[in-house]
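Quick note: the coordinates plus some simple rules give every number you see, no bench work behind them. Just so it is clear, the structure is predicted and the values come from calculations on it, not from any experiment.
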Amino acid sequence: MAIALTPILFVAAIQAYVDGKQSLEIRRSDLLGIADRAIDEVEQELITSESMLKIFSEQIAAGRCSDVQSWLTPEMPSLINVAFFDENGVSQCTASGETGFTIYDQAWNEALKNGQVFLRTDSFMGKGAKESMFAIFYRMEYRGEYVGAAGFGMAAEDLADMLSGVEKSAQNQVDLALADDNLAVFGDELPVALQKEWVETAHAEDGGHLFIVSDEVGKSWDVVLNRVGPGDLYAVAVRQSPGLFDEVTLRPAVMIGLPLLSFSIALASAWFAVDELVLKWLLRLRRLAYTYGRGEYDARPDQDFQMAPEEISSLALAMDRMSERIGKRDHDLKAAVSERDAALKEIHHRVKNNLQIVTSFLNLQSRRVTDPESRAAINSTRLRIDALSVVHQTLYQHDDLDIVHLGTFFEHLLGHLSNALGLDELDVDLTYDIEDLPLRADDAIPLALFVLEAITNSTKYAFVEDGGEIHVLLKEQDQGLLLAIRDNGSGAESDTAKVSGTGLGSKLMSAFERQLNGKMEVSTAPGEGYEVRLFVPHRTS
C-alpha cells in the first residue's frame, strides 16, 4: 500500500500532464470527426462515379464518350472528361481533345490488365488538360479477356470544394484539403507542409491519424490525414493546437485520474511480486517437465531452484526424484522390450528353420513315393509349409514383429512359388502388382495360403501346352484389401466350377475366406480365363 499511495506525493507535478493528455484526446476526437464528415461527401461522389462508370461502360467502349459526359455532367459537376483506352493503354474515345494519346501512367493499365476492377489514381495533368484531375478506371472484358478500360476524369479542385460541405460552425477554423501520395494538395492553403511519412502512416491505418507539428514561427498545429476509400486520395484537416493545458479537464483528472493511477501502481506492484515469487519459478518448472517429457531424465534442477521459495524448491526436488525413478523404470522397460523382440525374432527364425526341415523331410518322402497322386499331395503340402516359412522369415527380418509388409512379403512368396511350381518350364509368366501395405501377421498367413491355392489351381487347370500368364493384384480399396488372381487360360463352364468342388484346394480357399472375414467372387468363361477376387475388410480392433 505504501507503493500504491506514493503518487499522492507527485500530484502537483502530474496534474498538468494528465490534464494535457485528456485535452489532447478531446482535440484529436474532434478533429477526426470533422475530417470524417468532410470525407463523406467526397467518398459519396467517388462511389457514385464508379457506379456511373460501370453502368455506362458499354456506351463509352462504343465511342459515345461525349454523350456520356453530357448526360452525367448535371449530376456530377466534378466530371471533366470521359475516355476509353484499349488493352495497350491507347485512347480510342474521349469527350475532350483528340484520341490516340496513351494513358498517363502505363502502370495503371498493367494493374487493370492483371485483374483490378476499379482503379483510383493520384492527381495528374492529362494531355490537353488545363487543371489537375483524379481518374477512375473500370476494367472491361470480353469472354474473360481484358479489352480495355473506361475512365472518368474528376477535377481535383471540384472534389476539394466538396470538403467545404462540413458546417462552418463545426470547422472551428479548420483548414480542409485533399492530398495524394505525391503530396499534391487541393483546397484550403495549409499552414504546414505535408510529409511523406504522414501519408505512409495514414495509408497503413484505418480511421485517420493525428500528427502534432510546429511551423517555422513555432506555432503548434494538429494535422489529421484520413484515407478516402481504397485509392491513394486523402482528406487533410489542420487546426492550431491549443496546447497541453485545459482547465476544463483539471478537476476530473484530480478526482478520477489519481485513484486510477494509484490502483494501477498497486496492481503492478502485486503483479511484480507474483511474477518474481511464483510465475517465474512455475515457468522453470514447466520447462523442466517438458525436458522430462522428452525422455531427458538426467536433467537436474538443483542450481536453477536454489533461490526459489521453499514450496517450489521442494516441488522441484520431488520432480527430480520422480525423474530418477521414471528414468530407471524406462531403462528397464526398454531392456525388457529389446529382450522380448530378440526372443521373438529367434522364435520366428527357429520356426522358419523347423519348417524348412519339415519341407526337406517331405522332399525325401516324395522321392520314395511312386504313386502320382500321393506325390502331388506331398508336393502341395510342401508348398503350403513353404508359404508359412516365408511369413516367419519376413517377421524376423523386420523390426515390427507383429506386422507383415505385403510388398516385400509377396515378392519373396511369389518368387518362391514360381520356382517351386516350375512355371518357367511350363512357359507360364507370373506377374504381380502389389501395394506395400501393412497387415497383421495373423491375417498374412491365411492370405498367403489363399494366394498359394489360387495359383496352384491356375497352374493345374488353366493351361494346356502353350503356357500363359498368371497375374496377382493386391491393393487397398473401400476400407479393406482387394486381392485378385487372374489367368488367361481356358476358363471353366461356370463361375463356381473351381470353388464349389470337392478338392482340398477349393475347401482351403473357402476356409481362408471365412478366417479373414472376407468375400470371395469368381468370374470365368470358356476361353476367357479365370479370375478369383477376395475382398478383406480392415479389422476394427
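How large, in Å, is the range 426-486 by the Kirkwood hydrodynamic radius built from its alpha-carbon pairs?
When all Cα pairs of the range 426-486 are included, the Kirkwood radius is 12.7 Å.
How long are the three semi-axes of the equivalent ellipsoid of the range 44-159, in whole Å, if each is the root of 5 times an eigenvalue of the C-alpha gyration tensor, listed from largest down?
Working from the Cα gyration tensor, I get semi-axes of 19, 15, 14 Å.
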